[in-house]
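As structure tokens, the structure follows; a few thoughts come after it.
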């Protein structure tokens, strides 16, 4: 909805989704640890929760790595030179620049 409202691509979208994913992974890990210690305090050893906790830790680690990599990608993308097509500064028509992927005219983009 943000992209539709501002009519441009929102670069931070994947970063926000990674943050939400990381938050859910942390909450899931916390709940499993809390449940594990609650069952241990009752005098039982819930071996079945060890696999779940290990799975939580691997998802948490992969979420952190994805968050870091996406943040680095956004930083590199923002440092690239802007490419614009359409109207020149003098008011005359500028040369149209085409995207090599979709073959559409570029209004605002990055030179890769």
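Values as computed for the structure displayed
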read-out: Three-way shape label, segment 2-79, alpha-carbon gyration tensor, a/c 1.5; value: prolate
read-out: Neighbour-count ranking [beta-carbon atoms within 10 angstrom, fewest first] of 13, 76; value: 76, 13
read-out: Relative contact order [Cα under 8 Å, 6+ residues apart], segment 2-79, whole percent; value: 41 percent
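No lab work stands behind these numbers, since they all come straight from the coordinates. Bear in mind that the values here come from a model prediction, so they are computed numbers and not experimental data. Methodologically, a virtual Cβ is constructed for each residue, glycine included, from the backbone with ideal geometry; neighbour enumeration extends over all protein chains shown.
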